[in-house]
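Below: one structure, written as structure tokens.
Derivation of every value follows stated rules applied to the coordinates shown; laboratory data play no part. Treat the numbers as computed from the prediction; the structure is a model and nothing was measured. Cβ coordinates were reconstructed from backbone atoms using ideal geometry, including for glycine residues, and neighbour counts include every protein chain displayed.
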Amino acid sequence: MNIRSFIILPAIAFTLIACQQSKTSNVNESVFSSADSADSDSINPDSVEATEQAGDRPDGMTQLIVSGKSIGQISINESGENVHKQLGKPDGGDAAMGKSISIWYANHDTTSFVTKIYFSRGHGNDEIKRVKQIRVTSPFFKLRADIYTGKPLMKAKALYQLEKVATFTERGHIRILYDDLRAGIAFDVDDKDLITGLTVHEPGRSVSTTYLDFFSDLKLTPGGQPAHLATVASASSIGLIRQKVEKINSASLRKTHVEFMCDEMMKVDHFYLNDEIVKISVDYGTIGDVYSREDYYFDNQKLIFLYEFVEGGPACEGCIKKHEYRSYVSDDKVFKYLKDKTAQACRKCDFGAKSKQYKLLNARSQKEIKTILCR
């Protein structure tokens, strides 16, 4: 696509580029169950009206940001195929598990303004990837004539019920993310409280759940959601962990493998992403009539998710017993625990330096690993 002609004819397509905005794995399907889904706790968008504020409007639809609906001529739930026809080939992106991100830079310059669009398949039988979130950093796009990137957040705070939900790093600078969940609009700001990016998302779905795909170091802010949205905050935390685990399981990882005898032959795998351990798998083998294995997932050297699989046990006629246990962990404490698809009280609720998960994370030899696991 010719970028110059795209600039000259803004009415033909979304001007995100025009005006200076120029391996999946089946393991995720087994690691997570339907009971893990954050969607079950989300607010029904049908019960929430996207807020369209009064005030001075930008010139033309190509500049206009409408909370919960659109930026320029790209709309929430628009098909990915249609978006790519309008904007041309992305400068970057990623895809996994029916979800994808497309990135466009102004004039294809990675140091310039950026547009990021997150796509996900629809619900039910809808196999089409649709727009779920749009983020822009160009001041060309305006919510109002006085609300756009580079402007103070103060006026947006007067119009929206913004809550501080997360922090992340962009090009070496810390950003703070604010969201109005019901309106479907979010702002990220710098240390001077100046807007650095605007994001439109589906009303009733927290922006932070999807922002992880934009920024892998996204950190939820403790207490970032108001009390009446506590269930949404919990769902958002689960969604973030799910996405991190799915990314780990879908990435090309370097693996180290050791085997040794305890009561039975044990196998331990450490998985590395950029020389950092992100997953440890322990296969305990079959002891008596019970087979078990465990997977530990880490983010920045912190345990975030534990998956346990157990098969066998006391015989039952014509059946093989199988159980799955999942622990969602934040700050070394379990905040949600599932046995199969049922939420229960956690069996182990705290993890510290002396827990086997962290000992294995820091083990440097087969001898150390064997000492930790063979008791």
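General remarks:
- Peptides 148-158, 298-308, ordered by how many other C-beta atoms sit within 10 Å of their residues on average, highest first, read 298-308, 148-158.
- Gyration tensor (Cα) of the range 254-373, equivalent ellipsoid semi-axes in angstrom: 24, 20, 12
- Estimated from the Cβ-Cβ distance and a Förster radius of 35 angstrom, the FRET efficiency linking residue 161 and residue 343 is about 0.75.
- A simple packing score, the average count of other Cβ atoms within 10 Å per residue, orders the peptides 65-71, 343-349, 269-275 as 65-71, 269-275, 343-349, with the highest score first.
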